[in-house]
Every structure is written in C-alpha cells, then in structure tokens.
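Colleague: Sharing a structure, written as structure tokens. Questions coming.
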Amino acid sequence: MNHPNQSVKPPIKDILITLQEHDTFEVLSEGWDSSLASCPATQLPFLSSESILENLLFCGLDASHLSELHATAQTIDKSTPLRLLAWHLHQSLYHATEKNLFEQKAWPALRHSLAEPSGHFYLLVALALVPQVKLQHKTLGVSLKVSRDTCKAVQGFCLNYMKGHEGRLGIFIKQIYWLQRHARGELFRLGRLEYYLTHFDKTYSGGCEVYRHRHTGRVQVLAHAGAAFDKDGRAYASANAPEVTWTAQFEAGDDHITGNAIDPDGTAHPTQVTLSTCNWKQELNPTDWVLSMHIPSGGRLTPDLFKDSMQRAFTFFDQHFHEQPVNAVICESWIFGDMLEAILPSTTNLVCNIYETYRWATNHTNSYDNLWFIFCQADGDFCPQSAIANSRLEKTALAHVRSGGAWRNGSIFFLRDDLPTFGTQHYRKTDAPVTL
C-alpha cells in the first residue's frame, strides 16, 4: 500500500488528539520529526504478514496468532495517525540513543482507536525486535540459538499480558521498553537467564567491597563508606532517612582493611572488623565489570538451571566481550528477598537459589510494586485486594502481603571462581568475621 499523503507532517499533538489521547504529546514529541522523515512511503515492514509470521516463530510464539495480528496490522496501516505512531514507537525503541531512553509511561493505551486489540499495537512493534537482534548478533558472531533465545523475551512479555487480559494477545506498555537492550546487542539470554555487562558500582544498590581469604577461599563483604543502615542492618539509599541508625565506615591501608561486615544473608553490622592484607585480597572492585542478571518470566528456575546459565554466561562473554573480563554475576530482585526464606519451605527452588548466593544488601523498601511481575494485573499495578492467586507462590505471596508482610528486593552476587562449589551453600558456611 502506498501512502500519497507522506509529505504531510502532522505534529504529534494532532496525532494524539485524533486518537483521543491528549496527555502525553510533550514527552512523545522528542524524535518525532526524525521519525516522520524516515517513515516509509509504503507499508511499514514489520506490518506485513510475512514479517509478522517470521517474527512470531522466531520469538517462540505460535503461528496461529498470525490472523488476528495481521488484521490489526492492516487497521494500523490504513490509519495515518496509527501508522505514524507505530513507526515513531519503532524508532524510539530500536534507534534511540542511550541519552534518549524510551519513556514507556508516556505511550497511549489506544483503547479508543483500537479497542480490544489495543495490545496488538505494542506486540507488533515488539515483534520487530527480531531483525534488530539478528543484525546485531551477526556483527558479534553470536549463534542463531542465542539470538532465538534472546528474542523469547517477547514471548514472555506476551504471556504476561495474556495472563492479565483473559488470554488476549498484547504486551504491557510498562515492559516493552526493556527490549532496547536486546536490540542494541547488550542483553543476551543464555540458558534460563538474561545478562548484560555493567560496572559493579552502577548496580541498583551501588556495589560493596568484596574480599577473599588467600588460603581458605572464604569470602567477606564490607560496606562502602557512608552506606546507611537501620537497626536490623537493612540498607537505605539516604542517610537522612528517619529509620537510619548508623552509617558504615571503610578504610583500606597498606596492611589492613577495616569496615562494617555484611553477612551472606544481607545483614550489615555496626561493629567494625579488620582484615589483614597478608591473608585477604580484594576479589571484586567497585569499578569491575560484572554481569547483571535478569530473570525472564516463564518456567522454573532450579539450582541446576541457575548454575548452568551462569556457566554459559561467563563462557559467552569471554568469547564475545573479552576486553571486558567479568568475575561475578550480580542481581537485585524480589526473588532474592529475605521474606522468601520466611514464607517458603527451605527446599523450594527460590530459597535454594538464595542459599547459593551472597546477598550483600537487603533493601529496606517494602515494594509491593514488584509483586506485579507475579500477578500481571491488567492495569499494570499490583493490587492485593483484587489479585487472583493460582500457583503455590501466588497463594503464599498474597497471604503474606494481605497479612501486612513486607516484600523487599535482595541484592546478590556469585563469584565466578566459586562455580565448582555451587550446590554446597558455600557462602553461608562461614562464621561471623573477626580480626584476621
């Protein structure tokens, strides 16, 4: 289909008003002129039936979805406002620079213009991730299997949407922004888990000081200078928070390191300890490269799959990013939160995985927002009153928060050299630190 009115360049405000979406034009106007200039005069490439089918299959979704998605694609392509907005979303997702990050909260729901299939709009653009990933991965020499597995992020997001919308196809607007890292060739799925490179001190909780005993291999964490904690040893972002009762101190001398110890369960202590540099070496520097780990939805995460994925990740990044050597996997997530040890049996996969890692920070924040990733409620926010629980985890989590229980993130690391000990709860077998 040709679009003879291609020379018409309406402002984003007019587009949104036509679609009865009036509130977000100022945010969405960034890059709008560039999107208009690059918009094809013919059918948008990712809206053709051939592209939709190819992308569906590559992302692990069923070909039976083609018919309804292609019908929505035709509706979009026949509507100048929807067509231009779809192209602008595509460009904002896949061709924005690091300084022009995707503002997911600003994108309209399109319930007036597309009604029930409004979720198709975002799924169709999400499926267009496939050619972006193929191009980046070909340049890096990444295998086709890793490319396919990486694109399964779209499948996972689609299943989340279907869970919250009675089986209807789509993608939550709040999740689609995450595909930027996939498209830029930064994030890869390796086995059960996803990873990207970052510096340790750029992680959510700001990193910590990690040391290993030269003879026993024991690992000890010390808090950064100025890190703030409450009476229970939970971390706070600001020392000015009313709950904060003490802040950490840290000193690295020629023959000793003195600081506040953090136990493998994430508890920080106000009493300082001293480590001798004759016996202890720094294992993880705040500026070291690490692998930030993320957990795609769908499927169990057994300890064996956890270990297998980390092994794959270290090997993969050695091969493709050898100039940025990595010594550790890090993660901040509710799946490493301390509440899970209290509400789940010690034999469950989630708790077993916690016991294999070093949890170096327990976030104080009682963040019910993270429960959305379990329940996937349609409005994009977690509501304990309306949440429906089916699985054992859902029932346990819902009972916990309805009774007033906290839901917190935990920050963990796992050191590469400790992979041979995975399965032995290596980090949890250490005694309280003393002057050594």
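Colleague: Just how far, in whole angstrom, is the stretch 199-238 from the stretch 293-368 if you go by their alpha carbon centroids?
Modeller: 17
Colleague: My understanding is that a pair violates if its Cα-Cα distance is over 25 Å; which of Lys174/Lys202; Lys134/Lys163; Lys163/Lys395; Lys13/Lys152 do that in this structure?
Modeller: Over 25 Å Cα-Cα: Lys134/Lys163; Lys13/Lys152.
Colleague: Okay, next question. By the gyration tensor of its Cα atoms, with a ≥ b ≥ c the square roots of the eigenvalues, what is the shape of the stretch 183-296: rounded for a/c under 1.5, prolate for a/b over b/c, or oblate?
Modeller: oblate
Colleague: Here's another thing I want to ask about it. If you place +1 on the Cβ of every Lys and Arg and -1 on the Cβ of every Asp and Glu, how big does the dipole about the Cα centre of the stretch 214-310 come out, in debye to the nearest 20?
Modeller: Computed charge dipole of the stretch 214-310: roughly 180 debye.
Colleague: Let me ask something additional. For the stretch 10-153, what class follows from the C-alpha gyration tensor (a ≥ b ≥ c being the square roots of its eigenvalues): rounded when a/c is under 1.5, otherwise prolate if a/b is larger than b/c, else oblate?
Modeller: oblate
Colleague: Where a ≥ b ≥ c are the square roots of the eigenvalues of the C-alpha gyration tensor, would you call the stretch 226-376 rounded, which needs a/c under 1.5, or, failing that, prolate if a/b is larger than b/c, or oblate?
Modeller: oblate
Colleague: Students often check this: by mean Cβ neighbours within 10 Å, which of 190-202, 364-376 ranks highest, and how do the rest follow?
Modeller: 190-202, 364-376
Colleague: To the nearest 20 debye, what charge dipole does the chain have about its Cα centre, counting +1 at the Cβ of each Lys and Arg and -1 at the Cβ of each Asp and Glu?
Modeller: Taking the Cα centre of the chain as origin, the dipole is about 820 debye.
Colleague: While we're looking at this one, here's another question. Are there any helices in the chain, counted as whole DSSP H runs, that stretch 20 Å or more along their axis by Cα and score at least 0.0 on average by Kyte-Doolittle, and if so which?
Modeller: Going by DSSP H runs, the hits are 80-94.
Colleague: Follow-up question, since we're still on this one. Take every Cα pair under 8 Å in the stretch 208-284 that's 6+ residues apart, average their separations, divide by the length, and report that relative contact order as a whole percent.
Modeller: The value is 32 percent.
Rule-based calculations on the coordinates, nothing more; no lab input. Everything numeric here is computed off the predicted structure, so don't read it as measured data. Please note: Cβ atoms are built from the backbone with ideal geometry, for glycine as well, and neighbour counts cover all protein chains shown.
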